[in-house]
Amino acid sequence: MDIHHRDSPLFFSVNSVVKDFFIFYDGHSQKEPKLFRLIIKNMEIDYHDKVRARILSNGDFVRAQFSGTQKGAELKWVKVIIRPIELKGILHLQFSYFDGLKDISKNYPLEKSAAQIDKVLSMPFRNIFVETMSGNLQVNISKKGKALVNERKPETLPVHPDLAHNREKNRLLSAENAQPFLEAVGILTKDGRIKADMQRKYKQINEFLRLLDETNSFDDFKGKPLHVVDFGCGSAYLTFAVYYYLHDILDLDAHVIGVDLKEELIERHRKKAKELGWDQLTFEVGYISDFQPKIIPDVVVALHACDTATDDALLHGIRWDSKLIVCAPCCQHELQEQMAHVPAPTAMESVLGHNILFERMGDILTDTFRAAILRIMGYRTDITQFVPIEHTGKNLMIRSLKTSPAGKNEQHIEEYKNLKKFWQVTPYLEKILGEEYAQYLK
Ligand SMILES: C[S@@+](CC[C@H](N)C(=O)[O-])C[C@H]1O[C@@H](n2cnc3c(N)ncnc32)[C@H](O)[C@@H]1O
């Protein structure tokens with residue numbers, strides 16, 4: 001069967017079987033004639049084959065993400081991410097299953113991964129994105145169950161060794177200045193190279209540090225203790241990196257705490273910190289919202305704390321009057337739920353009619369409201385791109401520096417009220433801040 005693109009890459013024509021007949025995959029429909037169903041089945045196989053082949057392409061595959069739920073279906077997982085990792089020198093695929101709060105990861109040798117990929121393919125996910133060095137494949141299942149397939153060359157060139165070298169120079173933590181640390185957390189090989197499956201994490205933590213550092217907040221802490229909390233620390237590469245950077249490179253009296261729900265992970269991090277002799281790096285198991293520090297943190301960070309966990313982190317930072325609050329938000333569902341239950345503003349109907357734009361608008365608004373609240377609470381705030389889009393779609397960072405007392409800027413308050421009125425929603429952060437914030441809206 002020949003498959004050709006029509007004017008849009010999302011459409012296929014099957015010209016060897018049905019001339020000029022544009023089809024979609026519709027797995028649920030019983031109405032099509034037999035020939036048509038046959039083609040449709042081939043289409044399904046076609047995109048399954050494409051997805052599977054790309055994920056199994058040794059050396060080329062970068063990352064695959066399955067997300068969203070098809071209309072009318074139910075899914076245990078919010079998303080599944082597959083990525084290559086090296087275990088004892090052997091290439092494996094790591095399957096991470098996220099349920100919105102925590103994730104479960106399983107590793108399979110590459111040659112035993114096909115069946116696992118098929119299991120994920122059989123789940124009713126709405127969006128599939130497979131990233132490889134040579135190009136990206138995107139599959140979106142429409143509300144009517146049609147599979148829209150888009151294949152694209154990467155928007156940026158694959159990393160050229162020279163470029164990588166130049167980028168290296170800008171990194172705050174490098175093999176030169178942070179070798180013992182990078183080795184201890186498993187980013188660096190014994191012979192001083194960044195492990196292939198750790199490149200992404202390495203770049204991510206370096207970018208996070210760079211954007212923290214850019215705020216010039218740390219000079220004030222020379223000669224006095226600096227307390228930092230990392231909420232939803234997960235695998236804690238960032239927590240260890242922040243500690244190493246502040247303590248060993250900037251030579252500050254830094255005390256860093258990582259907080260996460262996952263007991264097992266936290267136990268492992270405690271052991272690692274002890275082995276390294278980093279006694280001012282500690283970890284706590286628990287919900288962000290329940291966290292009660294012995295000493296109020298000066299700096300709050302959160303990297304991809306799931307959904308409203310980012311708001312819980314912001315809430316603490318605001319309540320504590322922390323000097324610096326830096327969050328890279330994760331997936332966001334709470335505001336979308338609200339948006340789905342109120343009529344769309346008339347002028348926005350044509351935007352919100354597209355599922356993907358509805359979701360993105362939900363994300364954009366969530367972060368806009370978060371930044372607006374931070375401003376009203378006296379934080380100079382910006383939203384900046386944190387890593388390139390080809391790393392992750394969750395590439396925004398909200399950076400806030402306490403510069404003035406809360407509730408002083410009438411214009412910010414007016415803008416916030418207008419935005420709320422337009423969208424007819426109440427941001428989660430406003431709800432959890434309660435009267436402390438509501439007083440400024442009166
Ligand atoms: C996507 S991971 C990010 C981990 C880490 N910050 C990183 O970027 O590598 C999110 C982490 O937040 C934790 N988490 C989610 N909600 C939480 C909550 N309410 N309280 C504490 N931890 C939470 C999860 O257990 C998970 O480890």
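Computed values, structure above
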{"read-out": "Summed side-chain charge close to I257 - residues other than I257 whose Cβ falls under 14 Å, Lys, Arg +1, Asp, Glu -1", "value": "-4"}
{"read-out": "Phi to ³J(HN,Hα) by Karplus 6.51 cos²θ - 1.76 cosθ + 1.60 over segment 269-280, Hz, x for Gly, Pro", "value": "5, 4, 4, 4, 4, 5, 4, 7, x, 8, 7, 9"}
{"read-out": "13 Å Cα-Cα reach of K262 towards aspartates and glutamates, excluding residues that sit fewer than 8 places from it in its own chain", "value": "D103, E284"}
{"read-out": "Packing-based ranking, highest mean first, of 190-196, 378-384, 82-88 given that Cβ atoms within 10 Å are counted", "value": "378-384, 82-88, 190-196"}
{"read-out": "Violating pairs (Cα-Cα greater than 26 angstrom) within the set K71/K106; K106/K201; K294/K323; K106/K294; K190/K394; K190/K271", "value": "K71/K106; K106/K294; K190/K394"}
{"read-out": "For segment 161-441, the fraction of alpha-carbon pairs in successive 10 Å shells from zero, as %", "value": "6, 28, 34, 21, 9, 2, 0"}
{"read-out": "Net charge over other residues, Cβ less than 12 angstrom from the Cβ of M198 (K, R count +1; D, E count -1)", "value": "+3"}
{"read-out": "Charge context of L433, other residues only, Cβ under 10 angstrom, K/R +1, D/E -1", "value": "-2"}
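Throughout, read-outs are computed from the coordinates displayed, never taken from laboratory work. None of the values given here were measured: they were computed from a predicted structure. In this analysis, Cβ positions are derived from the backbone assuming ideal geometry, glycine residues included, and neighbour counts consider all displayed protein chains.
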